[in-house]
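> Before I ask anything, let me first share the structure, which is written out below as structure tokens.
The numbers here are math on the coordinates, done by the rules we state, and not lab data. Since we're looking at a predicted model, the values are computed, not measured. Note: ideal-geometry Cβ built from the backbone for every residue, glycine included; neighbour counts use all protein chains shown.
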Amino acid sequence: MPVITLPDGSKKEYAEPVSVAAVAADIGAGLARAALAGRVDGRLVDTDHVIAEDAGLEIVTGKDPDGLEIIRHSTAHLLAQAVKDLFPEAQVTIGPVIENGFFYDFAFERAFTPEDLVAIEKKMSELVKADLKVSREVFSRDDAVAYFRGIGEEYKAKIIERIPADEEIGVYRQGDWKDLCRGPHVPSTGRLKAFKLMKVAGAYWEGDSQNEMLQRIYGTAWATKDDLKAHLYQLEEAEKRDHRRFGKLMDLFHTQEEAPGMIFWHPKGWQLYRTIKNYIREQLSRHGYEEIRTPEILARSLWEKSGHWDKFRDDMFTTGSEDREFVIKPMNCPCHIEVYKQGLHSYRELPLRLAEFGSCHRNEASGTLHGLMRLRSFVQDDAHIFCTEDQVQAEVSDFIDLLFEVYRDFGFDDVLISLSTRPEKRVGEDALWDRAEQTLKDVLESKRLDYEMDEGGGAFYGPKIDFSLRDSIGRVWQLGTMQLDYAQPGRLGAVYIAEDSSRQTPVMLHRAILGSLERFIGVLLEHYAGNLPTWLAPKQAVVMGITDRNCEYVTKVAETLRNQGYRVDEDLRNEKIGYKIRQHTIQRIPYMIVIGDREQTAGTVAVRTRGGEDLGSMSLEAFAQILTDDIASRGRAGLED
């Protein structure tokens, strides 16, 4: 007689073993219809799983993150079944869940076409309408190999052959089609109603370029059609907002194959870069940071001492000189410890806050490079705080206040927080990890901040708090971080003289607000669709004349504004004013000043915004005040249409 304990603590007693589906039905018809799987004592199982002993049970629905993953994995199987129905000679390989969807790799003699994707998606919908029951069968390893080889699925047979002979093999059936899988899966194909196939790409078998090329079909799947619609809208908006498009449109930057993963900044782009850098520099100075600069090439031995070589050697660029091996700096922390070590510090000098706009290089795979978002060469707004253990909570708390202030200035109010704990591969004693993790928890809770746990996601030297921003179309970007490190200062010999005259190892806090400046600029461009707040805009206004008679006054107005510190261009081209306005609107210049004979005679300016609003004629002093107020508001004034 199993007793089932539900999440609210209530219990249900049954006279005989009972399935997850039966318990869901016993709770209510609505839950039975929504049930996708069960979580029995924390383990995910299918709804037809039978519970024979006392257990805790949660019913998993599409609202549960695990439920959404099950939907996506089951939709990958639906895709494979549809492909096999339409193209029996195709072989299926693997079909995992990925962010926002899934893919499945196929071996097929010809390339899938866009028309094929339409036909496959139609067949998937037919299989959904058929509401085929999905059930799990168990094979021995050798029987599973024989079965899949017998139906011509050589890739599946190869996968199974690597599994130990004494291990049971889970195979899922839907209709007359079977696929290898650990599960769980939805109870029937009728539960899969919100999906779309996205694209086809090439992929090597097992990711090895020496192996045969397969075809990878990508798809997205969601719990509801509304969720799918929202995701497709987000993708459409993301394409419109691609920062690489604005990089060209606004003449900010470019990349080229001679320097993969590295940026050529144009004058306007570099102006934006410097504006952000100078703003951060000012904030750090106000909060007691001292700026430093450290070398970009350092001996391999330093990275071995710090522990980075063992962890990140494959991502490091190396070079040699005079029989020594050097590393092109991938991060800044060991260098900051070396600066700290120059001289003996007293506890009275702590905390010591060292900041650097550190130039870093990482050997990212060429296939992962993406505009400003994923680079091999980038600059971090990096800083490290050396302090006593008693100072840690106050320093972390002050940093969080600074971070929120900076994000608000850039127009971001929706900040997501996660606390990452010890990874499997780490340095330091568990007692130190216990203390470090509890310290970060205490700070977040004292500030009454909501956060999620990321178990095992910490750095190899300590736990961390990560800060992510949600942009204007709902995407989440991880940017800021605060990492608590008891290990590296000791490994590299950093000490301070304590109040009792003993030598102690300082605690080191690794922190960044923007992360990579390049990536942050990419996020800004996409968040604002290029319509950067006036304080960030490379050119804040452009002055243009209607006829050649106005050129002298145009130049005078532009020079007056530039002398007041505003970033202003003048457009003296012999073009129609409508053409000029369209061009500068496309380039996202916040204000356009139009000078005609009337304005020239009256000593005024006619002003319009990039959003198309006509502000009318006014004195130059009045416009300068508008510009001043707009700049002072920073990103807090909201997004423009």
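> What is the gain in length, in nm to one decimal, between V495 and A602 on full extension, counting 0.36 nm per residue of separation less the C-alpha to C-alpha distance?
31.6 nm
> Shifting gears a bit: Give the percent of DSSP beta bridges with both residues in region 248-527 that are antiparallel, rounded to the nearest 5.
90
> Give me D for region 389-455 in µm² s⁻¹, whole number, from Stokes-Einstein with Rh from the Kirkwood sum over alpha-carbon pairs, 37 °C and 0.692 mPa s.
245
> So if I place +1 on the C-beta of Lys and Arg and -1 on the C-beta of Asp and Glu, and nothing else carries charge, what would the dipole magnitude of the chain be about its Cα centre? I want it in debye, nearest 20.
Here the chain has a charge dipole of around 1700 debye.
> Share of antiparallel DSSP beta bridges in the chain, in percent to the nearest 5?
Antiparallel bridges: around 85 percent, rounded to the nearest 5.
> Next question. Any idea which of T368, G411, Y451 is furthest toward the positive side of the dipole for region 248-527, if Lys and Arg beta-carbons carry +1 and Asp and Glu beta-carbons -1?
T368
> Quick check: the angle from helix 577-586's long axis to the longest principal axis of the chain, C-alpha only, nearest 10 degrees?
Around 50 degrees separate the two axes.
> Taking a 25 Å limit on the Cα-Cα distance, which of the listed pairs K123/K225; K129/K178; K277/K311; K199/K268; K156/K199 fall beyond it?
Among K123/K225; K129/K178; K277/K311; K199/K268; K156/K199, the Cα-Cα distance tops 25 Å for K277/K311; K199/K268.
> Here's something else I'd like to know. What ³J(HN,Hα) values, in whole Hz, does the Karplus curve 6.51 cos²θ - 1.76 cosθ + 1.60 give for region 304-318 when θ = phi - 60°, with x put for Gly and Pro?
So the J values, rounded to whole Hz, are 5, 4, 6, x, 6, 4, 5, 8, 10, 4, 5, 9, 9, 7, 10.
> Of the options G343, Y496, A111, report the single residue whose Cα projects farthest towards the positive end of the charge dipole of the chain (beta-carbon charges: Lys, Arg +1; Asp, Glu -1).
Going by the charge dipole, the pick is A111.
> Mind checking the full-extension length gain between V50 and T5? Use 0.36 nm per residue of separation minus the Cα-Cα distance, one decimal, nm.
14.7 nm
> Along the positive direction of the dipole of region 125-199 (beta-carbon charges: Lys, Arg +1; Asp, Glu -1; about the Cα centre), which of Q174, Y155, G190 reaches farthest?
Ranked along the dipole, the leading option is G190.
> What length, rounded to one decimal in nm, is gained on full extension from D26 through to R274, with 0.36 nm per residue of separation minus their alpha-carbon distance?
Additional length available on full extension: 82.9 nm.
> Oh, and also: What is the dipole size for region 145-279, taken about its Cα centre, with +1 at each Lys and Arg Cβ and -1 at each Asp and Glu Cβ, in debye to the nearest 20? Don't skip to the answer; put the middle values down first.
Numbers: 22 positive and 20 negative charges, 159 e Å.
Its charge dipole is roughly 760 debye.
> Now for a separate question. May I ask what percent, to the nearest 5, of DSSP beta bridges between residues of region 541-637 are antiparallel?
That works out to approximately 50 percent antiparallel.
> Write down the Kirkwood hydrodynamic radius of region 248-527, to one decimal in angstroms, obtained as one divided by the mean of 1/r over all alpha carbon pairs.
The answer is 19.8 Å.
> Rounded to the nearest 20 debye, what is the charge dipole size of region 219-291 about its Cα centre when +1 sits on each Lys and Arg Cβ and -1 on each Asp and Glu Cβ?
240
> Using just the helices of the chain, give the 222 nm mean residue ellipticity in deg cm²/dmol: DSSP H runs with n ≥ 4 each add -39,500 (n - 2.57), and the total is spread over all residues, rounded to 500.
Values: 20 runs with 227 residues, N = 641.
So the calculated ellipticity at 222 nm is -11000 deg cm²/dmol.
> Per residue of region 94-111, what does 6.51 cos²θ - 1.76 cosθ + 1.60 with θ = phi - 60° give for ³J(HN,Hα)? Whole Hz please, x for Gly and Pro, Karplus curve as stated.
Values per residue, Gly and Pro as x: 10, x, x, 7, 10, 4, 6, x, 6, 8, 9, 9, 10, 9, 9, 5, 10, 6 Hz.
> To continue, here is another question. Return one number: the angle in degrees, 0 to 90 and rounded to the nearest 10, between the long axis of the Cα atoms of helix 430-446 and the longest principal axis of the Cα atoms of the chain.
60
> To the nearest Å, what is the center-to-center distance of region 321-387 and region 47-91, using C-alpha atoms only?
Cα centroid of region 321-387 versus Cα centroid of region 47-91: 45 Å apart.
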